[in-house]
1. Among the residues that make up region 97-110, is at least one of them at pLDDT below 90, farther than 19 Å from D15 by Cα and surrounded by fewer than 19 Cβ atoms within 10 Å (Cβ to Cβ)?
2. If you check T17 against the conditions, is it at pLDDT below 95 and either β-branched (V, I, T) or closer than 23 Å to I138 by Cβ (or both)?
3. Could you grab the pairs with beta carbons closer than 9 Å, sequence gap of 6+ or different chains, first residue in region 40-62 and over 19 Å from E94 (Cβ atoms) and in a strand (DSSP E or B), second one open to solvent by less than 90 Å² (accessible area, probe 1.4 Å) and at pLDDT below 95?
4. Please determine whether any residue of region 69-79 is surrounded by 20 or more Cβ atoms within 10 Å (Cβ to Cβ), among the hydrophobic types (A, V, I, L, M, F, W, C) and within 16 Å of A97 (Cα to Cα).
5. Taking region 23-38 as the search range and keeping residues that are over 15 Å from the mean Cα position of the chain (by Cα) and within 19 Å of I118 (Cα to Cα), which one is modelled with the lowest pLDDT?
6. Name, by its number, the condition in (1) of a type outside the set (D, E, K, R); (2) more than 26 Å from D146 (Cβ to Cβ); (3) in contact with a Ser or Thr (Cβ under 8 Å, 6 or more places away or on another chain); (4) in contact (Cβ under 8 Å) with a residue 24 or more places away in the chain that does not hold for T107.
7. Out of (1) open to solvent by less than 70 Å² (accessible area, probe 1.4 Å); (2) in contact with a Phe, Trp or Tyr (Cβ under 8 Å, 6 or more places away or on another chain); (3) among the basic types (K, R), the odd one out for R57 is which?
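The values are calculated or read from the model by the stated rules, or taken from the named source; none is laboratory data. Being a predicted model, the structure only gives us computed values, none of them experimental. Here Cβ is always computed from backbone atoms with ideal geometry, including for glycine, and neighbour counts include all displayed protein chains. Quick note on the areas: whole protein, heavy atoms, side chains included, nothing else; ligands and nucleic acids left out. Shrake-Rupley method; radii C 1.70, N 1.55, O 1.52, S 1.80 Å.
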Amino acid sequence: MKGKARSSQLIIFDDGTIYHIDLKRSDNVPRNILLVGASDRVDLIATHFDEITFQHRNKSRPEFHTMAGTYKGVPIAAMSIGIGIGPVDIAMNELHALFEYDHTDNTWADDPLPKVNIIRVGTSGTSLPNIPAGALAISTHGLGLDNLGAYYPIRKEGRDQWAVRIEIPKDMDWQNQSSCLLFIGKSKSSLCP
């Protein structure tokens, strides 16, 4: 995936620090990352680490807070990103650049790199009476009801992402649309069986 990133798409300072997450490759952030919304959850998760090897809070954007260490000998990081789909998109793109973009020669990595395992940890609500408050839910798919997925290409069949057209009842008159696209992304992790 050779090519230079446009500065308006990916802001990287001369030392390699990426704008929002405020991290650079030399920070040695582990490839196993737990993403949370609220920054105090990073501190809570880090209490379970065997040791803390790195911590950083972006002073300009304090919702981006990262602590790294090990858990049962496995290198891991916890990172807060704020709430909503926008910060998730920013964090995922900037983490991609952190691990795969070389700011010194302005190119994306060409060779296959080790996987980055990212798990979003957060809270959710449900209207199902058989799921009690505080229940642990581990999802295999995420369903985006926003329009962010429209900015990313739909992958070919056989990949882990699909687009599904859902018909909207005509009497709903939702923005004068007769249908919309929902984006479903399947996630996998080597940390969980």
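1. Yes, because at least one residue in region 97-110 is at pLDDT below 90, farther than 19 Å from D15 by Cα and surrounded by fewer than 19 Cβ atoms within 10 Å (Cβ to Cβ).
2. Answer is yes for this residue.
3. none
4. Yes: region 69-79 contains one or more residues that are surrounded by 20 or more Cβ atoms within 10 Å (Cβ to Cβ), among the hydrophobic types (A, V, I, L, M, F, W, C) and within 16 Å of A97 (Cα to Cα).
5. Ranking the qualifying residues of region 23-38, first place goes to R25.
6. Result: T107 fails condition (3) only.
7. Tallying (1) open to solvent by less than 70 Å² (accessible area, probe 1.4 Å); (2) in contact with a Phe, Trp or Tyr (Cβ under 8 Å, 6 or more places away or on another chain); (3) among the basic types (K, R), R57 fails exactly one: (1).
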